[in-house]
Amino acid sequence: MAVGETIWIISHDPVLVEQVQLLMPSKELKTFCQDIGDDVASQIKEISPAMVIVDKALKGTSGFFVCREI
């Protein structure tokens, strides 16, 4: 995948993930979904997505904390 072709969704809620995927304006963009895990910041730097959407209510941590790490 080239830089800027991916939208990374970090959420534990499959319904929210599905809704966001349906609202994506371009079918050419690929979505990558993940529940919170170890070392998200370095994974995001490696993939270099065009956008990161973070659920503020994650299991075990805060979406705000994840955003600060990114």
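Looking only at the stretch 1-54, which residues are modelled with pLDDT of 80 or more, in a loop (DSSP other than H, G, I, E, B), out of contact with any helix residue (DSSP H, G or I) (no Cβ under 7 Å at 6 or more places or on another chain) and not acidic (Asp, Glu)?
Hits for the stretch 1-54 are HIS12, SER48, PRO49, ALA50.
Go through the stretch 46-66 and report how many residues are exposed (fewer than 11 other Cβ atoms within 10 Å of the Cβ) and closer than 13 Å to TRP8 by Cβ.
Total meeting the criteria: 1.
The values are calculated or read from the model by the stated rules, or taken from the named source; none is laboratory data. Since we're looking at a predicted model, the values are computed, not measured. Neighbour counts run over all protein chains shown; Cβ positions are idealised from the backbone, glycine included.
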